[in-house]
Amino acid sequence: MMTLPREGCLLRIFIGESDRHEGKPLHEWIVLRARSEGLAGATVLRGIMGFGGRSRIHTTKIMRLSTDLPLVIEIVDTREKLEAFLPLIDSAITQGLVTMEKAEIKFYRNGPPDAQTP
């Protein structure tokens, strides 16, 4: 069972839904890479509206722009593991924003062994 210290970090990666890397959606590639590096976990959140560096609005309200909605990938782990992970994904993120902040970890539970999936 994996444990995390009380003081961790939250890595947030802001990208677009249409961003790709190595023939896959970029968010999928990042999550799979995080898993292969043994990070504690990752979640992809899909935004219903947003804008980035070019100030172009992306929203579900306008059909032609709804194919590139904003995504946020959140990964919580130790600062050291996240700092080591960043160089592995840096070149894949050609547009976007990456932030890191302290996170106080209250608990990290992954259930009983029989409830886990491979």
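Brief remarks on what is shown
- Hits in segment 46-55 - residues which are of a type in the set (A, V, I, L, M) and in a loop (DSSP other than H, G, I, E, B): ILE48
- Considering the conditions (1) touching a strand residue (DSSP E or B) at 6+ places or on another chain (Cβ under 6 Å); (2) at pLDDT 95 or above, LEU32 is excluded by exactly one of them, (1).
- Of all residues in segment 1-45, none satisfies the criterion of being of a type in the set (Val, Ile, Thr), over 22 Å from PHE107 (Cβ atoms) and part of a loop (DSSP other than H, G, I, E, B).
- Residue list for segment 71-94, restricted to those being among the hydroxyl-bearing types (Ser, Thr, Tyr) and closer than 25 Å to MET49 by Cβ: THR94
- Scanning segment 35-54 for residues that are modelled with pLDDT under 95, touching a strand residue (DSSP E or B) at 6+ places or on another chain (Cβ under 9 Å) and either surrounded by 15 or more Cβ atoms within 10 Å (Cβ to Cβ) or farther than 17 Å from ILE75 by Cα (or both) yields ALA40, GLY41, GLY47, ILE48, MET49, GLY50, PHE51, GLY52, GLY53.
The values are calculated or read from the model by the stated rules, or taken from the named source; none is laboratory data. Source: prediction; values computed, not measured. With ideal geometry, Cβ positions are generated from the backbone for all residues, glycine too; neighbour counts draw on all protein chains shown.
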